[in-house]
Amino acid sequence: MQGSKHAWLLLIAIVFFGCNQSDNPTSTAKNDPGNEQIVVDVVKDEVQKAAQDPKSVIELFLVSLRQGDATTTSRLLTSKARTETAKHDMVVRPPGSDTAKFVVGQTIYTTETHDICHVESNWTDVDDAGRRQTYEIVWILRKEPSGWAVAGMATELFSGEAPLVMNFEDPLDMLAQQQRAELELTRRGNATGGSPQVMPASHSSSLNR
């Protein structure tokens, strides 16, 4: 009963935005500016290279989530997502997990101008009980002047129902969506005497916006 609930919380943790604790990733440059500058330059080159292809963006994004690399994860978001999260004093805090695995699937362009696309993926990790949980996640990307960047994600919580869309460019709405989903999971669990099964995402035409 607790497994499904934990599975949902684990899924949210993949892209969780936490409150800014005034930890500036570039603050260590004052102590060791030469070493820090080298790290930043490498990250910039890696991100710029990946930004030319949507699938490469998601591959690097998921690697960064698995490694707990907040700097690279943040750089792969759209400029609006970075601006809005900073405005609300929020930062990307990928959990990092040595047990996580992922597979990146097909890219689907949703506009005639090919400036928005969805990239399908499977993310697998181990829960507290040692069981592997697998989710299908559709990542929503937008093409910017500098290249492709992550604008949000979607996943299906209940079979046959519209997927939950998490808009990284509107962090307050994203958190509200998370809270509503958790309440609905709790409500359905209480109604059935257990936790509802968290279902994988599926590509849906309702995401083509």
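Picking from S97, S121, which residue would you name as being outside any strand (DSSP E or B) and either within 26 Å of A51 (Cα to Cα) or modelled with pLDDT of 80 or more (or both)?
Going through S97, S121 in turn, the sole match is S97.
So how many residues does region 48-62 have that are crowded, with 16+ Cβ neighbours inside 10 Å and part of a helix (DSSP H, G or I)?
Summing the residues that are crowded, with 16+ Cβ neighbours inside 10 Å and part of a helix (DSSP H, G or I) in region 48-62 gives 10.
Give V126, V92 a once-over and let me know the one that is surrounded by fewer than 16 Cβ atoms within 10 Å (Cβ to Cβ) and in contact (Cβ under 8 Å) with a residue 24 or more places away in the chain.
V126
Mind checking which residues of region 124-156 are touching a helix residue (DSSP H, G or I) at 6+ places or on another chain (Cβ under 7 Å), in a strand (DSSP E or B) and among the acidic types (D, E)?
Within region 124-156, D125, E144 meet the criteria.
Out of the residues in region 70-80 that are closer than 21 Å to D125 by Cβ and either of a type in the set (V, I, T) or surrounded by fewer than 19 Cβ atoms within 10 Å (Cβ to Cβ) (or both), which is modelled with the lowest pLDDT?
Within region 70-80, the match that is modelled with the lowest pLDDT is A70.
Of the numbered conditions (1) among the β-branched types (V, I, T); (2) farther than 22 Å from D45 by Cβ; (3) surrounded by 18 or more Cβ atoms within 10 Å (Cβ to Cβ), V103 fails exactly one; give the number of that condition.
(3)
Mind listing whichever residues of region 71-94 are within 17 Å of the chain's Cα centre (by Cα) and part of a loop (DSSP other than H, G, I, E, B)?
Within region 71-94, L76, T78, R93, P94 qualify.
Looking only at region 124-140, count every residue that is over 16 Å from V150 (Cα atoms) and either at pLDDT 95 or above or in contact with a Pro (Cβ under 8 Å, 6 or more places away or on another chain) (or both) and tell me the total.
The total comes to 3.
For region 157-175, indicate whether the set of residues that are small (G, A, S), touching a helix residue (DSSP H, G or I) at 6+ places or on another chain (Cβ under 7 Å) and assigned to a strand (DSSP E or B) is non-empty.
Looking for residues that are small (G, A, S), touching a helix residue (DSSP H, G or I) at 6+ places or on another chain (Cβ under 7 Å) and assigned to a strand (DSSP E or B), one finds none in region 157-175, hence no.
The values are calculated or read from the model by the stated rules, or taken from the named source; none is laboratory data. Fair warning: this is a prediction, and the values are worked out from it, not measured in the lab. Quick reminder, even Gly has a Cβ in these numbers, built from the backbone with ideal geometry, and neighbours come from all protein chains shown.
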